[in-house]
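See structure below.
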Amino acid sequence: MLSIDISIGCCPLAVDEERPRRAVQAILRDAQIDEGTLSIAVVDDATMHGLNRQYLEHDYPTDVLSFALERSPGQIEGEVIVNFDMAARRAGEFGWSDEDELLLYVIHGTLHLVGYDDASDEARAEMRAAERRYLALFRLQPRQQPASDGAQAADR
């Protein structure tokens, strides 16, 4: 049995839990994972900053963190932590809602858990294609990042 737990404790808006749950279910189904627990936590900048400092020794907030606690064929134990404040700031740049940006973060983090990475150009292209495929389930299409933001441009 697969359990997907979602914890939303930071957001000024009500976040629809069904969309991230459906996205995670689709990704895990395609990765042939049908047992385990995956938790999704929606946090604010301060919390994400603290987690980023604690686990990655980076002194800034980020959009998403993912932790694979255990992974074996057909099974996963993991966590995806997404930053609502960053989603709220960035969503307007891409012409979609805060929740759409947050959904992208959930998809991205879950893809990391099932084995995708974005460390090389080739791997990043594969991850972006997968992100587009799962966003399409919700009739969403990511827009390109403004060219002036070089550090984040590769993340779109």
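Filtering the stretch 55-103 down to residues that are assigned to a loop (DSSP other than H, G, I, E, B) and in contact with a helix residue (DSSP H, G or I) (Cβ under 8 Å, 6 or more places away or on another chain), which residue is modelled with the highest pLDDT? Filtering the stretch 55-103 for residues that are assigned to a loop (DSSP other than H, G, I, E, B) and in contact with a helix residue (DSSP H, G or I) (Cβ under 8 Å, 6 or more places away or on another chain), the one modelled with the highest pLDDT comes out as ASP63.
The C-beta contact set for the stretch 91-107 (first residue under 17 Å from ARG132 (Cβ atoms) and open to solvent by less than 30 Å² (accessible area, probe 1.4 Å), second residue aromatic (Phe, Trp, Tyr) and modelled with pLDDT of 95 or more, distance under 6 angstrom, 6+ apart or interchain) comprises ILE107/TYR134.
Within the stretch 10-18, is even one residue farther than 20 Å from ALA136 by Cβ, in contact with a Lys or Arg (Cβ under 8 Å, 6 or more places away or on another chain) and exposed (fewer than 15 other Cβ atoms within 10 Å of the Cβ)? No: the stretch 10-18 contains no residue that is farther than 20 Å from ALA136 by Cβ, in contact with a Lys or Arg (Cβ under 8 Å, 6 or more places away or on another chain) and exposed (fewer than 15 other Cβ atoms within 10 Å of the Cβ). Give me the pairs, please: first residue somewhere in the stretch 64-84 and open to solvent by 50 Å² or more (accessible area, probe 1.4 Å), second residue anywhere and of a type in the set (Phe, Trp, Tyr), beta-carbon distance under 8 Å, and either six or more positions apart or on two chains. What qualifies is GLU79/PHE67.
Being in a helix (DSSP H, G or I), within 19 Å of LEU28 (Cβ to Cβ) and without any contact (Cβ under 8 Å) to a residue 24 or more places away in the chain is a property that holds for GLU126.
The values are calculated or read from the model by the stated rules, or taken from the named source; none is laboratory data. All of these numbers come straight from a predicted model, not from anything done at the bench. Cβ coordinates were reconstructed from backbone atoms using ideal geometry, including for glycine residues, and neighbour counts include every protein chain displayed. All accessible areas refer to the heavy atoms of the entire protein, side chains included, with ligands and DNA or RNA removed. Shrake-Rupley method; radii C 1.70, N 1.55, O 1.52, S 1.80 Å.
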